[in-house]
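*Asks:* Sending over a structure as structure tokens; questions will come in a sec.
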Amino acid sequence: MRQTLSILTLLLATYLLSAQTDARTKVINEQFRIGEQLLLEEKYKPALKVFDKILSKNPDHIASYRAAGICYELSEKYAQALSSYFNVLSRDPYFSRIIYYEIGRTYYRLGQYHSALDYFSQFAGLQNLSNDNFGLGVEREQTKELEYLQELSQSMLACQISVDSIQYLNIDSVTNVGLGINTPGDEYFPSVSHAGDLMFFTRREDTKKDENLFSSQLKKNGWQDAIYNVNFNSRHNEGMSTLIKNGRYMYFTACGRSDVLGNCDIWEAKVDGKRVSKVKATKGYLNSERWESQAAISCDGKTIFFASDREGGLGGTDIWMSEKEPDGSWAEPVNLGSSVNTAANEEAPYITNDGKTLYFSSFGHFGMGGEDIYVSKLQRGGKWSKARNLGAPVNSSARELGIFLSADGKTGYFASDREGGAGGIDIYQFKLPNKLLSDPVTYVEGVVKGKADDLPVRPATVTIEGRDPVEVDERGRFFICYPANKKLKVSVEAMGYKPYRETFEIPVWDNTEFYPLDLLLKYDAPAYAADTALNAVPVSLPVGQPDEKVVLEKVSTLSLYYDTNQSDLTVENKVQLEHFIKIFQQDRITKVEIVGFADYVGSDADNMKLSEARARVVADFIQKKGVEVNKFYLEGRGDIGKETDLDRNRRVDIIVHSKLN
């Protein structure tokens, strides 16, 4: 836009030279020079006041309409700019040749691509007329006109892309997500939960502030006022966050921290609703001594796409990808190549649920504005197709970045600094037509349970045909993304239970809730122990004399898990305990052992106190339920080392010994 200023002095000087030199004209010329100087100083409002004053006294002063149009265009008030430019042409259609190009450019920025093409074409056609047909200023426009002619083919192509994209995308409109999220500052990189009711995004209040992560809840009246995420943020920059599809883990950008290898690294965190814990750097080769940021995770959690300026790229920041190793670390990243990357900057990738479509932002591919959003399809052999501009109305003459799709793939979110927002960069949304949706994928959450007691079984190994085995979490759960309308063949192995085999039909699902699978395992034990609790283990039976009555004993166990530094029972803990007590409360209980543990975070003394507190709370709960026990054993053992999973360290083990007859 500021290039327009380079022609201003030449043009306005021409207008003044061509004017008469009577007293009235001298006053107008002096006022015009004042407006010209204000415009050159980018003081657009004061300049407009001067030109308006001139026009109020002399409504046919074409130079003032021309200058006012430039003011409006540089202020991104495109409708007013058009009005001023047309005031010029209505008074003299041959006043300027380059004004036709500028009208086309202004129409383009308003999203009126057919009109833009019309005026670009008129500008091209006027090249056949000699300069004698135009005003005195046309000679002084020559330098700028040559620049416009060099840009003309790309400008017309951008219009054509926009027209074609509107027909291809069939997106009616984009809408601002509202003032609960957007402010006069910058908001960008949206990431939405599978339920569609929680958005994480990056906010920068102004250029002097650092970037931070915020979140907002969606209610009936729209997105609520955003909340600053204390557990993520520091005094340094935090950027683009992406939830894993099960909603329980997140990747985000951390900058400037002591454990960051380069300027910025990709970190991970555990998410439980609004609670965030286990914030740490990723393992493996994902991060380097260069800049890594803006991670997007595949639906199965095994492939990550991100932006980096690391060695081996094509220039600027490129899109890279890395595969997850069996130990949970990330392998050496691979550059996505020239179909996606250019010598300029590419950033903010997003991969669809089926893993076949990649969206990203780029300054390097031919686009409609400074930065646009593009799409590339995965081809046979693992190559990516030539990037295609997503077109209008998602892209515009402004800057667009950071696209994200809802769990059902039908709603898109992105950021733009287009006109009409709350200020700066805002977050917008739109609906995607069916033709652009990825292949349907269903979010499946299975729970491995004991058929006799309906309690989670753990540890347990779940194998899906054609995939690597997965271990259930502390609640017996596992999560997979699975093609809809396909058969899912699953098997489960768990100590103390019979092998499980089953085939399920997986339907098309909107994914706002997970498609549930209950895998019910039968206990593999003698009949007398069929009603025992989770992981119940029969103890060796004493060998009696022929005339002696054999006394059978069983051992029932349960483990309860806790969040960091917590000892109170959650609602889920209490439900588990209630079920557990019902199973053995009719037995003759001989001993109950309750042992608490803690993770290694914190001092030894604090961990010991926390583990004892956890055990004591469980013991109080059992005793208040009226369970009669001959012997009660209570112990806190503190932490149990750094090599095991922290989630499994924060627990209480309950072991109940009872007689069956």
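*Asks:* What residues have an amide H closer than 5 Å to that of V555, excluding those fewer than 5 places away on the same chain, when H is modeled at 1.01 Å from N in the peptide plane?
*Replies:* V537, V539
*Asks:* If only Cα atoms are counted, what is the Rg of segment 82-168, and what is its Dmax, in Å?
*Replies:* Spelled out, the Cα radius of gyration and Dmax of segment 82-168 are 13.3, 45 Å.
*Asks:* From the Cα trace of the chain, what convex hull volume per residue do you get, rounded to a whole Å³?
*Replies:* That works out to 182 Å³ per residue.
*Asks:* Another question, if that's okay. With charges only on Cβ, +1 for K and R and -1 for D and E, what is the dipole size of the chain about its Cα centre, in debye, rounded to 20?
*Replies:* Charge dipole of the chain: 880 debye, to the nearest 20.
*Asks:* Please report how many Lys pairs in segment 45-181 have alpha carbons closer than 23 angstrom, counting only residues at least 8 apart along the chain or sitting on separate chains.
*Replies:* For segment 45-181, qualifying lysine pairs total 7.
*Asks:* Taking C-beta distances below 4.7 angstrom as the pairing criterion, name the unpartnered cysteines of the chain, in sequence order.
*Replies:* Result for the chain is C71, C159, no neighbouring Cys Cβ within the cutoff.
*Asks:* If amide hydrogens are placed 1.01 Å from N in the peptide plane, which non-local residues have theirs closer than 5 Å to the one on A484?
*Replies:* The answer is V441, T442.
*Asks:* Can you list the equivalent-ellipsoid semi-axes of segment 392-463, largest first and in whole Å, using the square root of 5 times each Cα gyration tensor eigenvalue?
*Replies:* Values: eigenvalues 367, 45, 17 Å².
Ellipsoid semi-axes (Å, largest first): 43, 15, 9.
*Asks:* Okay, next question. Take every Cα-Cα distance within segment 420-495, group them into 5 Å bins from 0 onward, and report for each bin the whole-number percent of pairs it holds.
*Replies:* The distribution over segment 420-495 is 3, 12, 18, 16, 11, 10, 7, 8, 7, 5, 3, 1, 0, given as percents.
*Asks:* Given a 1.4 Å probe, how much area per residue of the chain is accessible, in Å²?
*Replies:* Averaged over the residues of the chain, the accessible area is 47 Å².
*Asks:* Below 8 Å between Cα atoms, with a sequence gap of 6+, how large is the relative contact order for the chain in percent?
*Replies:* Taking the mean separation of contacting Cα pairs over the length of the chain, I get 8 percent.
*Asks:* Charges on Cβ only, +1 for Lys and Arg, -1 for Asp and Glu, centred on the Cα centroid of the chain; of F479, Y285, V618, which one is farthest towards the dipole's positive end?
*Replies:* With unit charges placed on the Cβ atoms, the residue in question is V618.
*Asks:* Let me ask something else about it. Which links in K410/K451; K270/K609; K220/K386; K410/K486; K283/K410 stretch past 30 Å when you go from one Cα to the other? If you can, show how the numbers build up before the last one.
*Replies:* Working: K410/K451 38 Å; K270/K609 25 Å; K220/K386 41 Å; K410/K486 21 Å; K283/K410 33 Å.
Distance filter (> 30 Å) returns K410/K451; K220/K386; K283/K410.
*Asks:* Hey, another quick one. I'd like the distance between the alpha-carbon centres of segment 398-465 and segment 583-625, rounded to an integer number of Å.
*Replies:* So the two Cα centres are separated by 39 Å.
*Asks:* Hey, could you get me the Stokes-Einstein D for segment 301-430, Kirkwood radius over alpha-carbon pairs, 10 °C and 1.306 mPa s, rounded to whole µm² s⁻¹?
*Replies:* Roughly 104 µm²/s, to the nearest whole number.
*Asks:* For all pairs of alpha-carbon atoms in segment 218-342, what percent lies in each bin of width 10 Å, listed from the first bin to the last filled one?
*Replies:* 13, 42, 32, 11, 2
*Asks:* Evaluate Rg over Rh across segment 126-235, taking Cα atoms for both radii and Kirkwood's formula for Rh.
*Replies:* Ratio value, two decimals: 1.26.
*Asks:* Using a 1.4 Å probe on the protein heavy atoms, what percent of the accessible area of segment 264-313 belongs to carbon and sulfur?
*Replies:* Working: 910 of 2000 Å².
C and S atoms contribute 46 percent here.
*Asks:* Okay, moving on. Please give the helix 5-17 orientation as an angle from the longest Cα principal axis of the chain, in degrees from 0 to 90, rounded to the nearest 10.
*Replies:* On a 0 to 90 degree scale, this one is about 20.
*Asks:* Per the Debye formula with a single identical scatterer at each Cα and no solvent contribution, what log10 I(q)/I(0) holds for segment 340-414 at q = 0.14, 0.15, 0.25 Å⁻¹?
*Replies:* -0.41, -0.47, -1.19
*Asks:* How big is segment 258-312 along each principal axis, measuring the range of its Cα positions in Å and listing the largest first?
*Replies:* Taking max minus min along each principal axis of the Cα atoms, segment 258-312 gives 38, 29, 17 Å.
The values are calculated or read from the model by the stated rules, or taken from the named source; none is laboratory data. Nothing here was measured: the structure is a model prediction, and the numbers come from that model. Note that we place each Cβ from the backbone using ideal geometry, even for glycine, and neighbour counts take in every protein chain shown. Ligands, DNA and RNA are stripped out before the accessible areas are found, and what is left, the full protein with its side chains, is counted by its heavy atoms. Shrake-Rupley method; radii C 1.70, N 1.55, O 1.52, S 1.80 Å.
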